[in-house]
Amino acid sequence: MRPLLKYLKNYRLQLVLGPVFKLLEAVFELIVPVVMADIIDNGVANHDSAYIWRKTGIIVLLGVCGLGFAVTCQFLASRCAYGFGRELRDALYRHICSLSYESVDRFGAASLVNRLTNDTNTVQNGVNMFIRLATRSPFLVIGAAVMAVTIDLRLSVIFFIAAPLISGVIFVIMRKTVPMYKTAQQKLDRAATLTRESIEGSRVIRAFSRQGLECSVFDRSVDELTIASESVGRISAILNPFSFLIMDCGIAAILWFGGERIDTGSLTQGELTAFTNYMTQILLALVVLANLIVTFTKAFASANRISEVFAVEPESSGTDVPGSVQPGDEILRFNDVSFTYKGGGDCSLKNISFSLKKGGFLGIIGGTGSGKSTVAQLIPGFYEPQSGEVIYGGKDVKTLDKAMLRRRIGWVAQRAVLFSGSVRENMRFRCPDASDEDIIKALKTAQAWDFVEKMPDGLDSRIAQGGRNLSGGQRQRIAIARALVGSPEVLILDDSTSALDYATDLRLRRALSEELPETSVVMISQRTTSIKDADCILVLDEGSPAGVGTHDELLRDCAVYREIFNSQMNEKGGGGNG
């Protein structure tokens, strides 16, 4: 919790004044039983209506003032808690965006979303309740006990017997329920994760008719959450009955022994009434305190989960600027690069070496899981190799400023990701100042302008979240066009033409060569036809280089490449999609 306190620095005034106003409300609340005792002993006993009305006015005034203090405290608590929550969410979101791919992989997207939403809400609620009630409840317990002692020391012994008994009940119940609340929170996280996965993968689930199985998995998760919640609820439900039982016994004892002291003249009827009120105040304050402990327990658990994210260092970034490269000079080189994903077991890449000149075309091919996408992700520095060097513009990627490096690279992921908004807004994602002419040029190069032009609003046409209102090929072409805006030095196509037919794929490659002659292209593809014209082709086999060379050289010298080429040519000749 301590690392999160710095987000309260702009709300110190509310954090201090809120509890002060709540204490003032509690003070007025403690005064009311004394005034009531005075009314009974003096006004009612003497049948003095004027006295009763005067004292009643004081009670009303105390109530109005207490209400004003309570409302003021609530306002200050809300300003502080919700302002704290806003700053915490903003800082957490920015920190998540600064994390490396490895860190994001370690936490998982669903867990990070839960920490950003559910956990921040829980911590925010904890701050709110702290300002409103954390000082009030203990003060009421102590204040009521002190007031009782000032009225009658002997009778107040009942308070000092009842209060520890109620506290003991609360302690036992809390000791049982606090770990159970943590377990229930974990079950809730699991249910939220399943919900997110099911919604995001709804199309895959329906494609394989797995709705029933997914529903049963979710039902089991919800059942576990229900069982955990019911278990903690059953134990928590004991709190009020036991507390009220002790309180009622205490009130009965006060009335019994208080009646005897009234008979002896040591205590008045009004003072006995005040004693009863103070007993009730102590009980209610202790019950509220128990609920506060639950709230704070949840808040601390959530704060620890958020602090775990903040404890992870942001993605490391150097300060060097990539050097300028003239056409024909080397822009990218892998020197004996090896890489392993954390927790991934075997080496994903082993001893990879190749070079790419400015304006050149590098093709990468290999079987599924051979490490093609890993190579693509090492170029912009998404991951860092365990050994070897990735050289860009003559400098090691590790030493380069990552933001500047990535501004020079156009990267199209294996899965085309589009954002809700207009076509123009998506196209300006890489280059915010791009003109419509630049956007249209990129769309034409990516073979996307033909269908964008026919859309109802052209560049202003809306794209649904994830591009769900577009076909797979349309999404890929817009994603490629987005990467082309601003003419990047290096264009990485990570199997991002898989949804294109052969004719569109050919037109795309020709357009890239003609329209962007100084842009180096790294194309990862499963099709040999897409990369056969590359200046250099890297063939991967289970993370290791099986061959490096041109199409003709690899056909002659590389068995893996020759096998891939022959299988595709046979499929094409046999009436495939070619």
Boolean, residue 511 is touching a residue at least 60 places away in the same chain (Cβ under 8 Å), of a type outside the set (S, T, N, Q) and touching a strand residue (DSSP E or B) at 6+ places or on another chain (Cβ under 7 Å): no
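State yes or no: is residue 171 within 30 Å of residue 141 (Cβ to Cβ) and either at pLDDT below 80 or under 20 Å from the mean Cα position of the chain (by Cα) (or both)? Lay out the reasoning, then the answer.
Details: within 30 Å of residue 141 (Cβ to Cβ): yes; either at pLDDT below 80 or under 20 Å from the mean Cα position of the chain (by Cα) (or both): no.
Answer is no for this residue.
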Residue match in the stretch 141-148 (condition: over 47 Å from the mean Cα position of the chain (by Cα), in the same structural domain as residue 277 (by TED's automatic domain parsing) and not charged (D, E, K, R)): yes
Count - residues of the stretch 479-499 that are surrounded by fewer than 21 Cβ atoms within 10 Å (Cβ to Cβ) and in contact with a Pro (Cβ under 9 Å, 6 or more places away or on another chain): 0
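To keep it simple, each residue is scored yes or no on (1) in the same structural domain as residue 562 (by TED's automatic domain parsing); (2) at pLDDT 90 or above; (3) not hydrophobic (A, V, I, L, M, F, W, C).
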site	(1), (2), (3)
365	no, yes, no
368	no, no, yes
371	no, no, yes
386	no, no, yes
403	no, no, no
418	no, no, no
432	no, no, yes
437	no, yes, yes
442	no, yes, no
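For residues that are among the acidic types (Asp, Glu) and loosely packed, with under 14 Cβ neighbours inside 10 Å, tally how many sit in the stretch 72-111. Show your work before the answer.
Here is the first cut: in the stretch 72-111, the residues among the acidic types (Asp, Glu) are 87, 90, 102, 105.
Filter once more, so that each one left must be loosely packed, with under 14 Cβ neighbours inside 10 Å: 90.
Total satisfying the criteria: 1.
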Failed item, numbered, when residue 315 is tested on (1) part of a loop (DSSP other than H, G, I, E, B); (2) closer than 29 Å to residue 516 by Cα: (2)
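Would you check if residue 467 is in the same structural domain as residue 412 (by TED's automatic domain parsing), surrounded by 18 or more Cβ atoms within 10 Å (Cβ to Cβ), modelled with pLDDT under 85 and small (Gly, Ala, Ser)? Working first, answer last.
Details: in the same structural domain as residue 412 (by TED's automatic domain parsing): yes; surrounded by 18 or more Cβ atoms within 10 Å (Cβ to Cβ): yes; modelled with pLDDT under 85: yes; small (Gly, Ala, Ser): yes.
For residue 467, the condition - in the same structural domain as residue 412 (by TED's automatic domain parsing), surrounded by 18 or more Cβ atoms within 10 Å (Cβ to Cβ), modelled with pLDDT under 85 and small (Gly, Ala, Ser) - is met.
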Unmet criterion (only one of (1) in a helix (DSSP H, G or I); (2) surrounded by fewer than 16 Cβ atoms within 10 Å (Cβ to Cβ)) for residue 301: (2)
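Among the residues of the stretch 326-346, how many are touching a Phe, Trp or Tyr at 6+ places or on another chain (Cβ under 9 Å) and either modelled with pLDDT under 80 or crowded, with 21+ Cβ neighbours inside 10 Å (or both)?
4
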Test: residue in the stretch 45-58 that is assigned to a helix (DSSP H, G or I) and closer than 27 Å to residue 131 by Cα: no
Condition check for residue 552: surrounded by fewer than 16 Cβ atoms within 10 Å (Cβ to Cβ), in the same structural domain as residue 444 (by TED's automatic domain parsing) and acidic (Asp, Glu): no
Cβ pairs under 8 Å, 6+ apart, first in the stretch 150-167 and touching a residue at least 24 places away in the same chain (Cβ under 8 Å) and over 17 Å from residue 256 (Cβ atoms), second part of a loop (DSSP other than H, G, I, E, B) and of a type in the set (Lys, Arg): none
Selected residue (only one of 189, 119 is acidic (Asp, Glu) and at pLDDT below 80): 189
Among (1) over 30 Å from residue 116 (Cα atoms); (2) in contact with an Asp or Glu (Cβ under 8 Å, 6 or more places away or on another chain), the one test that residue 7 misses: (1)
Residue match in the stretch 449-458 (condition: modelled with pLDDT of 90 or more and either under 23 Å from residue 409 (Cα atoms) or basic (Lys, Arg) (or both)): yes
Flag if residue 553 is without any contact (Cβ under 8 Å) to a residue 24 or more places away in the chain, assigned to a helix (DSSP H, G or I) and either within 21 Å of residue 329 (Cα to Cα) or of a type in the set (S, T, N, Q) (or both): no
Conditions (1) outside the structural domain of residue 95 (by TED's automatic domain parsing); (2) surrounded by 14 or more Cβ atoms within 10 Å (Cβ to Cβ); (3) not in a strand (DSSP E or B); number of the one not met by residue 306: (1)
Where a residue in the stretch 313-330 is under 10 Å from residue 100 (Cβ atoms) and its partner, wherever it lies, is in a loop (DSSP other than H, G, I, E, B) and small (Gly, Ala, Ser), with Cβ under 7 Å and at least six apart: 315/100
Scope the stretch 409-421; condition surrounded by fewer than 17 Cβ atoms within 10 Å (Cβ to Cβ) and more than 22 Å from residue 369 (Cβ to Cβ); matching residues: 419, 420, 421
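The values are calculated or read from the model by the stated rules, or taken from the named source; none is laboratory data. Treat the numbers as computed from the prediction; the structure is a model and nothing was measured. Don't worry about glycine lacking a Cβ; one is built from the backbone with ideal geometry, like all the others, and counts go over all protein chains shown.
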